């Protein structure tokens, strides 16, 4: 269980989040949506332990502030928005950076499986820096996956916190990554991700948090939140929600843009 | 059905190659050490000495003196200094996430030098208890403090939100180096004759002054840095993803950074205190090894220590045989070989200019 109580974050002197109260159960995919600058990424960075905050964030009853870095790493993996790499590592070496324990044999096994999961089998010997942006993003996801490979460990759910995991991916690999996340959630793990694409959020999320001006404007199932009136208010533009016939998934289109 | 052998090495995993290189370098270091022991202006050959010992003869006093008081300390100093310079460079590059961060280039060597000169010139003015506690260690310890302070300043200036700017780092390094150089110059002015002789000898960058007392003074500091470095390997690997991601994969980032800065300062400071400024080992050795076996610090640091020791011993052999019986300062040899390699690195990696 991820519990956030009265979370306030200021970056420099600018308050960015003004008191967020929400909790999330594992086994579900949560999409954090909201317009640019609303505080989505800051919320994700706060639960990842990257920015100082006031209030309380707890994972399974453990206050985040009291957990050591390696204890945190055993419970959650984090995929930042933009990843950098300083030296010419190969793909296999980058993925291995996510591993903290295990014998050489099962590491090799895990790295190969994680690469297969993101459709990069055969890329392990390539230099990371020579890959395309979308391929690099998938390598980084594989690195995060090997860190928390099993969705549940010793009875405790593990978490994936992801900032725009599919922003640079083509449509097929977007779906591929969403399948990976769905499998992780179905296995009992928790997924919290910032998503820009409202239709993708509507399609894959079990739960949506709508952030606006540093506050939680709405939270609930996508059909209600994305189909509801809060969305137009948050984004400041008229939005038309529809139901897509076969799966009855909600999809949205901006309208009235051209007068 | 085909059984999958999961113990097989994944393509792109350069661990086995790095291990083979480590073994090769170890053997090569032994050979180089023997070469260093058996060559010298005096014409005493190690082989003859071994044969004499084997035959049960006692060594002539002169030969024993040359071997024990001149060549052995010189070889040990070469090994320690070469390993320290290379490891100091590799650790600093890992800390700054930048292959151009060499202690000698970015002012840390100059800061350590200033510390050493301060101790030589003003050491006698230090409080009695300091002199009594440090004794022989005063020069290496002062060099360590100088290197430590300059590394901290450099990191503070050039790193924002966990990212290091190459341009800022190099420019700040130039400023730091100039400042330390100026302060060193002033100290040279106020030094007396005996101190000046110490300074000149020290500033040449040479293993010629190697002696047992110096090894006893600076050796432990270098050993400490060399022993600490492998423990930094996982931390530096993680830092190559940036500070935030290093924290995400479970590393105590602040602690890694502090230990890395102390290690750089100890390695560079003690090496500078013993042998003056010897350039380019710290940048060329890690770069060659990254090309050969990749940037994984678990192997890079160990191999850098071995290759650094080998290259410095070879440079020393060249320095003392090329114009024998006179000696070239070893810094000249490493610069003649190292500077072109450094330029070659810059040419190959034009992308660095944009960082």
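The values are calculated or read from the model by the stated rules, or taken from the named source; none is laboratory data. Model, not experiment: these values are computed from the prediction. Heads up, the Cβs are rebuilt from the backbone with ideal geometry, glycines too, and the neighbour counts pull from every protein chain shown.
Which number in (1) away from chain B (no Cβ under 12 Å); (2) surrounded by fewer than 21 Cβ atoms within 10 Å (Cβ to Cβ); (3) more than 27 Å from residue A:114 (Cα to Cα) marks the one condition that residue A:51 misses?
Result: residue A:51 passes all but (1).
Among the numbered criteria (1) away from chain A (no Cβ under 13 Å); (2) modelled with pLDDT under 90, which one does residue B:314 miss?
(2)
Let me confirm something: among A:81, A:104, which residue is more than 7 Å from chain B (Cβ to nearest Cβ), under 28 Å from residue A:60 (Cα atoms), in contact with a helix residue (DSSP H, G or I) (Cβ under 9 Å, 6 or more places away or on another chain) and at pLDDT below 90?
From the options A:81, A:104, the qualifying one is A:81.
Among the residues of the stretch A:117-155, how many are in contact with a helix residue (DSSP H, G or I) (Cβ under 7 Å, 6 or more places away or on another chain), farther than 12 Å from residue A:76 by Cα, facing chain B (nearest Cβ under 10 Å) and in contact (Cβ under 8 Å) with a residue 40 or more places away in the chain?
Going through the stretch A:117-155 one residue at a time, the tally reaches 2.
What's the number of the only condition in (1) closer than 30 Å to residue A:132 by Cα; (2) within 13 Å of chain B (Cβ to nearest Cβ) that residue A:68 fails to meet?
(1)
Restricting to the stretch B:248-260, give me the number of residues that are at the interface with chain A (Cβ under 7 Å from one of its Cβ atoms) and surrounded by fewer than 23 Cβ atoms within 10 Å (Cβ to Cβ).
2
Sort out for me the helices (runs of 4 or more DSSP H) sitting completely within the stretch A:102-210 that have 1 or more residues that are in contact with a strand residue (DSSP E or B) (Cβ under 9 Å, 6 or more places away or on another chain) and surrounded by 19 or more Cβ atoms within 10 Å (Cβ to Cβ).
Those helices (runs of 4 or more DSSP H) span A:133-147, A:171-186, A:198-204.
May I ask you to list the residues in the stretch A:8-48 that are buried (at least 21 other Cβ atoms within 10 Å of the Cβ), more than 17 Å from the chain's Cα centre (by Cα) and either more than 25 Å from residue A:228 (Cα to Cα) or within 14 Å of another protein chain (Cβ to nearest Cβ) (or both)?
A:9
Counting only residues that are without any contact (Cβ under 8 Å) to a residue 60 or more places away in the chain and out of contact with any strand residue (DSSP E or B) (no Cβ under 6 Å at 6 or more places or on another chain), which one in the stretch B:236-248 is farthest from residue A:140 (Cα to Cα)?
B:247
Tell me, which helices (runs of 4 or more DSSP H) lie completely within the stretch B:184-274 with 1 or more residues that are closer than 20 Å to residue A:84 by Cβ and over 14 Å from the mean Cα position of the chain (by Cα)?
Of the helices (runs of 4 or more DSSP H) lying wholly inside the stretch B:184-274, those with at least 1 residues that are closer than 20 Å to residue A:84 by Cβ and over 14 Å from the mean Cα position of the chain (by Cα) span B:233-239, B:243-248.
As an exercise: evaluate residue A:97 against (1) at the interface with another protein chain (Cβ under 8 Å from one of its Cβ atoms); (2) more than 21 Å from residue B:15 (Cα to Cα); (3) in contact (Cβ under 8 Å) with a residue 24 or more places away in the chain and give the number of the one condition it does not meet.
(2)
Within the stretch B:233-243, work out how many residues are modelled with pLDDT of 90 or more and facing chain A (nearest Cβ under 8 Å).
5
Restricting the search to the stretch B:84-112, which residues are in a loop (DSSP other than H, G, I, E, B) and touching a strand residue (DSSP E or B) at 6+ places or on another chain (Cβ under 7 Å)?
Within the stretch B:84-112, B:97, B:98 qualify.
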